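A quick write-up on the structure given underneath.
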Amino acid sequence: MRLTYPHMGNLGIILKALFEGLGGDVIVPPPITERTLSLGVQYSPEFACLPLKINVGNFIEALEMGADTILMLGGVGPCRFGYYGQVQREILKDLGYNPKMVIVEPPQGRFKDFLRDLASLFPGLTVGKVVDAVKLAWEKMAYLDQMERALLVFRAHEAYRGAVTNKYNEYRDYIDESKDPKEVKALGLKVIEEMRSLTVPPVEEPLRIAVVGEIYFLIEPFPSQDIFKELNELGVEVDKTEYISDYVLSNIFPWKLNRIKKEARPYLNRVIGGHAVNTIGNTREFADKGYDGIIQIFPFTCTPEIVAQGILSRMSKDLDIPIMSLSYDENTGQVGYQTRIEAFVDLLLRRREMGSAHI
Amino acid sequence: MDIKVGIPRALLYYNFYPAWKVFFNELGAKVILSQKTNKKIVDDGVLNTVDEACLPVKVFFGHVINLKDRGVDYIFVPRIVSVEKRRYLCAKFLGLPDLIRASIRDIPPIIDMEIDLYRGYNRNVDREIDRVGMIFTKDMRKIRKAKEAAIIAQNNYEKHLKSGLIPREAIRIMEGAKVVKAPDSGLLKIGLLGHNYNIMDEYINMDIIKKINDFGGTVITADMLKESDIEYGASCYPKDMFWTYGREMLGAGRYMLDSGIVDGVVIVTAFGCGPDSLIKEMVEKEYKRRNTIPILSLTIDEHTGEAGIITRLEAFMDLLRWKEVV
Ligand code: SF4
Ligand code: SF4
């Protein structure tokens, strides 16, 4: 069995550690490129959301490399994600591939079932092996998240263009290769310091923007043409509302969502699927924390985020904070939203100047 | 003075209007329906919703604005989460009242009754209905009666639909009009798949049913099929389709294909619709693999031109007729 799964930011590194630790033969799909995208677009339904299309591209490229088993998450709606795997299976079938598709249906909060499903893929498992694999994957997740958090701040002040990004990429590879949780931790802590040392302190108080929106877009930079980097390179410090550990933990412990649901309530009364309730709740939180602006990113046709988008435009007025919504499809080309993002940053700068002039 | 409740003639109006109307009437309220979809309603809707929203949601907004201008006391914007066990509606229905409140200012208060049968008809459902009933009366007996009357009306309505009537005919019959079902105008049986708010709103789909009739076809929709037929079709797929109307489309599409009760199928979806993007793919794939019954897919949005639809439909009907001859 040669196992593969779709890319989503650094999740691939974490899953590789987990599955290899469990004794699996893992084929990591090649990094997402224009080819991945165009393969996905060519074979997916026109109005499917972009993550589905990129998944399909990942699968095709991994199958070309000899993968024969695909691991995918399922779901019970109301968002489309729960049906992704079903449609993807049919698409691959028509292309003449016949991979085994293992679609893990997550009855919310029942991590045990998830583990059992997984175990069936890896014969010869021992408890010790599982513990080691989970420990390594967990540590990678924790430190990759921390690194990324630091990246999104330090890169705004890097000494020269690319300095921090390169350092981050270099260490991410080390972490990917490491088989030792202790080493992962040491690498993680070290790179944060190294990234810090590659910055120059900003002259003025930097702008801070929070990026909210659809989960795949928050975790995987490709489809937004790495809006995080783009903002950083305009000197803006960025925080995003979801990192991989948030995603994983809220799947295992659904009550983690309760706080956010409460925050969202005045504007959105219930969970409506996808991450809309997070988008709304987090926007309130970040507005309270004094961020200068909020940017919502999501795939074109993403139903939950479209609802959120409508609500955000009201919140922007109520909470007096600029909010910009950007929806992406495969045609949002390289220069796509660059001008809009620059204009938004200018607006925030002007607001700030006007604000201080009032004092 | 009776309290006036406005009901938007959009979205699930086509599926539940008789029940809603009876419910409010029994509570002593007068029901005001928004006008039929027209250009102004579409334009108002487009203007007041986010660009990314699908046409049906934009049209719904237009109808809410139409009601606002007609002096109603309340507007009924239910939050319809689920209309049957273990299945949902599209996320947009779940957030509809929130979206309306956030987007349209100065409207009469919204009655945002939550309809959630995901776990079956239980105490919470009752409590929610009572909450809404109490806007109109303190008399619990009256509320219970209204509830029961609504359920009866809904059952009648669905019976009419199963008998082959389309919503506007069934609604007229229930309001006392005599409707004589027009004799089958054509030899060709056309399966018409799509959400009712897409296939039954004559304005946004350029009256597709009439066009099919004019070209010599009779329409069969999912509503007219037996539940067991839909179940048969839906169960051909390994995973239960968790959207109610998605499942209907998928199941009806598959049943029509396997049973061959139709000569051709027309599937209508809204531009940018999330759920339908996947359902349509699943339906179409099977039709293409078998290549026995032709399928025509039409996408509608606010810019859809009548000419385009006519040309494609006409060509499609010609193809079916030609197939018949061969
Ligand atoms: S959240 Fe949006 S993008 Fe993600 S699967 Fe659902 S509809 Fe698609
Ligand atoms: S199912 Fe499609 S058309 Fe209907 S509300 Fe949802 S996105 Fe719009």
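The values are calculated or read from the model by the stated rules, or taken from the named source; none is laboratory data. This structure is a prediction, so every number in the text was calculated from the model and none was measured. Quick reminder, even Gly has a Cβ in these numbers, built from the backbone with ideal geometry, and neighbours come from all protein chains shown. Calculation scope for accessible area: heavy atoms of the full protein, side chains included, ligands and nucleic acids excluded. Shrake-Rupley method; radii C 1.70, N 1.55, O 1.52, S 1.80 Å.
Side notes on the structure shown:
- Taking Lys and Arg as +1 and Asp and Glu as -1, the other residues whose beta-carbon sits under 12 Å from that of A:GLY21 total +1.
- Legend: mean number of C-beta atoms from other chains within 10 angstrom of residue C-beta atoms, peptide A:285-297, equals 0.
- For the stretch B:4-172: accessible area per residue (Å², 1.4 Å): 42 Å²
- Inter-chain Cβ neighbour count for A:41-54, averaged per residue, equals 3 (cutoff 10 Å, partner chain atoms only).
- Database remark: amide H of A:SER325 closer than 5 angstrom to the amide H of A:GLN296 (H placed geometrically; neighbours at sequence offset of 5 or more, or on other chains; Pro and chain starts carry no H).
- Set of aspartates and glutamates near A:LYS140 by C-alpha distance (under 16 Å), chain-local residues within fewer than 8 positions excluded: A:GLU20, A:ASP132, A:GLU148, A:GLU170, A:ASP173, A:ASP176, A:GLU177, A:ASP180, A:GLU183, A:ASP246
- Within-13-Å neighbourhood charge of A:TYR267 [Cβ basis; K, R +1; D, E -1]: +4
- Delta accessible area of at least 30 Å² on complex formation, residues of the stretch A:63-104, 1.4 Å probe, chain isolated as reference: A:VAL76, A:PRO78, A:ARG80, A:TYR83, A:GLN86, A:VAL87, A:GLU90, A:ASP94
- Only aspartates and glutamates eight or more places from B:LYS138 in sequence, or on another chain, were considered; those with a Cα closer than 16 Å are B:ASP2, B:GLU26, B:ASP126, B:GLU128, B:ASP130.
- Per-residue ellipticity at 222 nm from helix content only, as computed over the protein assembly as shown with -39500 (n - 2.57) for each DSSP H run of at least four residues, stands at -16500 deg cm²/dmol.
- Per-residue ³J(HN,Hα) for the stretch B:46-55, Karplus 6.51 cos²θ - 1.76 cosθ + 1.60, θ = phi - 60°, Hz, x for Gly and Pro: 4, 5, 9, 10, 5, 3, 5, 4, 6, 3
- Formal net charge of residues neighbouring A:VAL41 (Cβ-Cβ distance under 15 Å; K, R +1; D, E -1): -4
- Violating pairs (Cα-Cα greater than 20 angstrom) within the set A:LYS185/A:LYS289; A:LYS100/A:LYS179; B:LYS21/B:LYS145; B:LYS39/B:LYS189: A:LYS185/A:LYS289; A:LYS100/A:LYS179; B:LYS39/B:LYS189
- Apportionment of accessible area to carbon and sulfur, the protein assembly as shown, percent (1.4 Å): 53 percent
- Radius of gyration, Dmax [chain B; alpha carbons; angstrom]: 19.9, 68
- Interface residues in the stretch B:91-110 - accessible area drops by 40 Å² or more relative to the isolated chain, probe 1.4 Å: B:ALA91, B:LYS92, B:LEU94, B:ASP98, B:LEU99, B:ALA102, B:ARG105
- Residues whose placed amide H lies under 5 Å from that of B:ARG79, excluding near-sequence neighbours: B:MET113, B:GLU114, B:ILE115
- Selected from B:MET317, A:THR199, A:LEU152, residue furthest toward positive end of dipole (the protein assembly as shown; charges at beta carbon): B:MET317
- Here B:ARG105 and B:GLU84 are evaluated by their C-beta separation; at R0 = 35 Å the FRET efficiency comes out at 0.50.
- Beyond 31 Å in Cα-Cα separation lie the following of the pairs A:LYS261/A:LYS317; B:LYS178/B:LYS280; A:LYS317/B:LYS68; A:LYS182/A:LYS256; A:LYS317/B:LYS58: B:LYS178/B:LYS280.
- Contour minus Cα-Cα distance for A:LYS262 and A:LYS289 (0.36 nm per residue): 8.1 nm
- For the stretch B:64-82 versus the stretch A:246-322, the inter-centroid distance based on Cα atoms is 25 Å.
- Rounded to the nearest Hz, the phi-derived 3J(HN,Hα) couplings of the stretch B:109-120 under the Karplus curve 6.51 cos²θ - 1.76 cosθ + 1.60 (θ = phi - 60°) are x, 8, 9, 9, 3, 8, 10, 9, 9, 4, 9, x, where x marks glycine and proline.
- Residues in the stretch A:46-56 carry Karplus couplings, in order, of 3, 9, 4, 6, 3, x, 4, 5, 5, 3, 4 Hz; the curve used is 6.51 cos²θ - 1.76 cosθ + 1.60 with θ = phi - 60°, and Gly or Pro positions show x.
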